[in-house]
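Trainee: Take this structure first; my questions come after.
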Amino acid sequence: MEIRSSALRTNYRRVRTIVGSRPGILPVVKADGYGLGMRRVVETLEPLDPWGYGVETVGEGMALRSYGIDRPVLVMAPIPPSEVDRAVAAGMRLSISSPGAVENVARAARRAGRRAHIHVEIDTGMGRAGLDWRRADEWGARLRAANDGEIEWEGVYTHFHSAADLGSRAIFEQVERFRAALGELRHRGPGRWMEHMCNSSGLVRSPELASDLVRPGIFLYGARRWPGVEDPESVVTVRSRIVLVRDVPAGTTLGYGATYTSSRHERWATVAIGYGDGIPRALGSGGEVIVGGRRVPIIGRISMGMTVVDITGVPGPSARVGAQVTIVGEDGGERITLTDVARVSGTITHEILTRLSPRLPRVWLP
Ligand SMILES: *Cc1c(COP(=O)(O)O)cnc(C)c1O
């Protein structure tokens, strides 16, 4: 797995260009920096002076602290009550989805002898976390009552469920709900705080919603394209090598379940990568790789550490043992994107990236 630091930085700067100079940028580095390696991701972005970093677990936040990151770290999910103390002691920003959560944070802050910063999440339709937007009138007072001066109300946010679906108007309905809830909270609740809504798709399609802070993930990692917007630069390449070449007669079966049988004389190459490296097994039906600048089909079921491709007709030198195979990336003018892999595998690029396994060495390029 090759990762281009310069492309990661370029994409960060592109986010800055899209949203303008005012909003803070919170690179989302959850799930080990979308599988790239959180430590190297933040080391690469640090010189660009982001407002802070977004994670989902306290463990991820602790890892950032252990790398010496003392910027704000926002945990963008509810956490188990047993984790609150160490999160507050480490100065993490916790997301609040219930008045009970504020009370827990306030108690932890008293125990730690420090103020705790929180971001209140408003659920405007995502359903997995946040305070129900329809009940904002009662939340404001309850949030205020839970605070005895130990809580700093730093932010309030919501999350879009269909921002990536450019044909959907749901994003605007969610914005209206968010604004309505904010009006109630401002009236009855804690007052002025940072407002934020946008993930990558949100900020790309509606930069006017950037507000005080944006939370880009997948855009930074170059793994998605949006019509009408300059593509982010691709950051990740996945390559392997041919470890065996065989000429087989018609009638030779291949792989678990022997789901593939050669129909003529064929040349097969075994490639040293499989689902144990995070290559989706579903790519076995319809997936391709690039060998010597040519797209060739994956055949049979993908094994844990081996994938077989049909290289019949690919000229000798580029298809011999030791030759490079591109699963994601460019070779000789051919290109397979993460989006292609996600489409054939029936999933999204976020999942493809985050499941690339630790067995694949991460090679960071300038
Ligand atoms: C993961 C996540 C993001 C980033 O989403 P992308 O689609 O990768 O840009 C932003 N906000 C929240 C709350 C998230 O959970």
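The values are calculated or read from the model by the stated rules, or taken from the named source; none is laboratory data. Just so it is clear, the structure is predicted and the values come from calculations on it, not from any experiment. Using ideal geometry, Cβ is built from the backbone for each residue, glycine included, and neighbour counts are taken over all protein chains shown.
Residues are listed down the side, and each one gets a yes or a no for (1) surrounded by 20 or more Cβ atoms within 10 Å (Cβ to Cβ); (2) more than 28 Å from the chain's Cα centre (by Cα); (3) closer than 12 Å to residue 76 by Cα:
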| residue | (1), (2), (3) |
| --- | --- |
| 98 | no, no, no |
| 110 | no, yes, no |
| 120 | yes, no, yes |
| 124 | yes, no, no |
| 127 | no, no, no |
| 139 | yes, yes, no |
| 142 | no, yes, no |
| 149 | no, yes, no |
| 153 | yes, no, no |
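Trainee: In the range 207-227, which residue that is surrounded by fewer than 24 Cβ atoms within 10 Å (Cβ to Cβ) and modelled with pLDDT under 95 is farthest from the ligand (Cβ to nearest atom)?
Mentor: Here the answer is 227.
Trainee: Tell me which residues, restricted to the range 135-182, are of a type outside the set (A, V, I, L, M, F, W, C) and either on the phi > 0 side of the Ramachandran plot or without any contact (Cβ under 8 Å) to a residue 12 or more places away in the chain (or both).
Mentor: Matches in the range 135-182: 135, 138, 149, 162, 165, 167, 168, 169, 176, 179.
Trainee: Inside the range 247-366, counting only strands (runs of 3 or more DSSP E) that do not spill past its ends, which hold 1 or more residues that are closer than 26 Å to residue 40 by Cα and of a type outside the set (Ser, Thr, Tyr)?
Mentor: Output list reads 324-331, 334-336, 363-365.
Trainee: For the range 266-286, which residues satisfy the criterion of being out of contact with any helix residue (DSSP H, G or I) (no Cβ under 9 Å at 6 or more places or on another chain) and either of a type in the set (S, T, N, Q) or surrounded by fewer than 18 Cβ atoms within 10 Å (Cβ to Cβ) (or both)?
Mentor: Matches in the range 266-286: 270, 272, 276.
Trainee: Tell me the residue from 40, 16 that is surrounded by fewer than 20 Cβ atoms within 10 Å (Cβ to Cβ) and within 16 Å of the ligand (Cβ to nearest atom), please.
Mentor: 16
Trainee: Looking at residue 159 and the list (1) within 13 Å of the ligand (Cβ to nearest atom); (2) touching a Lys or Arg at 6+ places or on another chain (Cβ under 8 Å); (3) of a type outside the set (Asp, Glu), which single condition is not satisfied?
Mentor: (2)
Trainee: Do we have residue 173 as within 16 Å of the ligand (Cβ to nearest atom) and not in a loop (DSSP other than H, G, I, E, B) here?
Mentor: no
Trainee: Restricting attention to the range 254-302, report how many residues are closer than 25 Å to residue 36 by Cβ and among the hydroxyl-bearing types (Ser, Thr, Tyr).
Mentor: Selection size over the range 254-302: 1.
Trainee: Still on this model: Among the residues of the range 257-281, how many are within 14 Å of residue 356 (Cα to Cα) and of a type outside the set (Asp, Glu)?
Mentor: Qualifying residue count for the region: 8.
Trainee: Which ones in the range 190-205 are away from the ligand (no atom under 13 Å from the Cβ), out of contact with any strand residue (DSSP E or B) (no Cβ under 6 Å at 6 or more places or on another chain) and either modelled with pLDDT of 95 or more or charged (D, E, K, R) (or both)?
Mentor: Across the range 190-205, the qualifying residue is only 192.
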